1. Against the condition farther than 15 Å from A:Arg473 by Cβ, part of a loop (DSSP other than H, G, I, E, B), in contact (Cβ under 8 Å) with a residue 60 or more places away in the chain and more than 8 Å from RNA strand B (Cβ to nearest atom), how does A:Leu541 come out, does it pass?
2. How many residues does segment A:463-476 contain that are among the hydrophobic types (A, V, I, L, M, F, W, C) and away from RNA strand B (no atom under 13 Å from the Cβ)?
3. Take A:Ile415 and tell me if it is of a type in the set (Val, Ile, Thr), in contact (Cβ under 8 Å) with a residue 12 or more places away in the chain and near RNA strand B (Cβ under 7 Å from one of its atoms).
4. Taking A:Pro126 and the conditions (1) out of contact with any Lys or Arg (no Cβ under 6 Å at 6 or more places or on another chain); (2) outside any helix (DSSP H, G or I), which numbered condition does it fall short on, given that it satisfies the others?
5. A:Ile64 versus (1) free of Cβ contacts under 8 Å to residues at least 12 places away in the same chain; (2) crowded, with 17+ Cβ neighbours inside 10 Å; (3) within 14 Å of RNA strand B (Cβ to nearest atom): which is the lone unmet condition?
6. Check every one of the strands (runs of 3 or more DSSP E) wholly within segment A:223-316 and list those with 1 or more residues that are within 24 Å of A:Ile353 (Cβ to Cβ), in contact (Cβ under 8 Å) with a residue 12 or more places away in the chain and among the aliphatic types (A, V, I, L, M).
7. How many of the residues in segment A:254-286 are closer than 30 Å to A:Arg233 by Cα and more than 34 Å from the chain's Cα centre (by Cα)?
8. Any idea which of (1) in a helix (DSSP H, G or I); (2) touching a residue at least 12 places away in the same chain (Cβ under 8 Å) is the one A:Ile518 doesn't satisfy?
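The values are calculated or read from the model by the stated rules, or taken from the named source; none is laboratory data. Remember, predicted model here, so these are calculated numbers, not experimental data. Please note: Cβ atoms are built from the backbone with ideal geometry, for glycine as well, and neighbour counts cover all protein chains shown.
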Amino acid sequence: MEERIKKAVGEALMKMGAGEVAFVVERPADMRHGDYTTNAAMAAAKKLGKNSRELADELARVLIDELDKDTASYVAVAGPGFVNITLAPEAIALAVAEADAKKEEWGMGSVNSEQRVLIEYTDPNPFKEMHIGHLMSNVIGESLARLIENENATVIRANYQGDVGPHVAKALWGLQRAGTSEPVTAKEIGTAYAAGSLAYEDSPEAKAEVDALNQEIYAGKNHELMELWRKGRDVSLEAFEQLYKILGTHFDYYFYESETADPGLRIVHDGIKQGVFEESEGAIIYRGEKKGLHTLVFITSKGTPTYEAKDIGLAFLKEERVQSDRSIIVTASEQIGHFKVFLAALNEIAHLIAKKTVHVPHGFLRLTTGKMSSREGNVITAESLIKDIIKKASEKNADPLIAEQVALGAIKYMILRQAPGSDIIFDPEKSLSLEGDSGPYLQYALVRARSVLEKARSTKHEARNEKPEMPYRLERLVVHFPEVTARAASELAPNLLVNYLTELAGEWNSFYAQEKIIGGENEAHKLMIARAFINTMTRGLALLGIPTPERM
RNA sequence: GCCCUCGUAGUUGAAUGGAUACAAUAUCUCCCUCCGAAGGAGGUGGUACAGGUUCGAUUCCUGUCGAGGGCACCA
């Protein structure tokens, strides 16, 4: 629909001799202004040096001829020169019928038509418990994956896990110190990591031991150590799989730092000859200053690869295993600087890979009660957060499955409701609200709508399909769903869909409160609206990865 | 010290340079004899500060203040 209007506005501008002007067609903030609005007249006025109101009047006249009677009922000029388009009731009825009839295909688009998109997200570290940052990465990444898929692309989900590096050495040091040769729980390993991490900071001897362990792990020659490493890794990875299951996410490819280290080292060493990297104080570095960035170490003076070198190795490994047109990496925003340098270096080695790669940063989850640190003992793990919210949701839901669905809805909503890059301020005292703007609000609206349909099945109703002259606001909102999903996908911003669905749920709740559906006037028409709402909400929540409970 | 984000009702968030800055929450009123009150209807309340560009600035530019993150051997 938006496309159709955009095209008509473009043609109208052409006829007015302003074909070059860039303009937008969008949903006005206030529905009373119409179903679509365009700033085309104001944009053209600037370019042509004419009065915007006069130009808007002219555009409105031309536009009403461009759009056929069944599409727009009228076009009006308002404010400084907005041209507002109000859809014809027939066009709205048609779209609502489509929202019902198309089922799973409702809202599917072609923004990423035929593309193969590789998306890396979650990236937890074995030997550490999964914390909230990884949860955020997972929830955002999974939703992006689904939004991109919905635009007719093939999405390949990848997870990159840090199974080597200093944090692993710290955990193994802790396990050795505790005399554990057979770790069985992730918690056990997490505790060992915390112990190793503390000792590393407090004791120079421990630091030296951990550093030595780190190199031994890279070397892989110490059988006893590697056996402990393998066992600990398996336990951690298995714990992650349990969480992925609960979160409703899955991966097509797993990459591990233990396998990116070698290619990373090799490629960086090759890069020295090409003048991309250089040696400095025994380390191999990339001088970011040549690109207005800062210098980063890629290989340490001890010969171990850093995160940056491993990322170079990873980029090539991905290329080897997965054919892709685009590559998206979702990580915390603290890595923005590192990714800039990494991509600059990669661009010198492999221009085509760098060009198709984009880093999508997500914010932190910050506590109102102060910084999270393992030292303070107030680190919130993904598991503990989920458990807490499930407990809260259980107060109203005896069924544990539903309590879990509601809790996940609440958590995912909190993460997805705002622009991906910004931090989330979380008050652990107040916990998560299950009312108002929230996941459960959307779920509840859906459950109630389904319940109406359920009831309607057992009652007799008229076959006549009459409808009021003016479409309901709810219907007018449903029309916009495909545009919203397309925009959320192209801007990599699930929050746009969250905001839309929240508005949609509110509109349904008002409709539900004001209108008697079963046994009311125009029953068949209202039931159709209910079905259109249900399908739109169901599809929308699916794209966010928010579960839809049967009842609440 | 340098670089990057960001400052919007008491609080948490919206608003591709556009219309009377939009919600939720908290608070104050109402509404279950009627399809499910995790709901609906209404009230109170806001763009950090100072300049600039523009017909028009929460948005762009400059400065001040404040917060977060990054800046050679961590990830």
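1. Numbers: farther than 15 Å from A:Arg473 by Cβ: yes; part of a loop (DSSP other than H, G, I, E, B): no; in contact (Cβ under 8 Å) with a residue 60 or more places away in the chain: yes; more than 8 Å from RNA strand B (Cβ to nearest atom): yes.
Spelling it out, it is not the case that A:Leu541 is farther than 15 Å from A:Arg473 by Cβ, part of a loop (DSSP other than H, G, I, E, B), in contact (Cβ under 8 Å) with a residue 60 or more places away in the chain and more than 8 Å from RNA strand B (Cβ to nearest atom).
2. Going through segment A:463-476 one residue at a time, the tally reaches 2.
3. no
4. (1)
5. (3)
6. Numbers: elements: A:253-256, A:278-280, A:283-286, A:296-299.
Correct list: A:283-286, A:296-299.
7. 3
8. (1)
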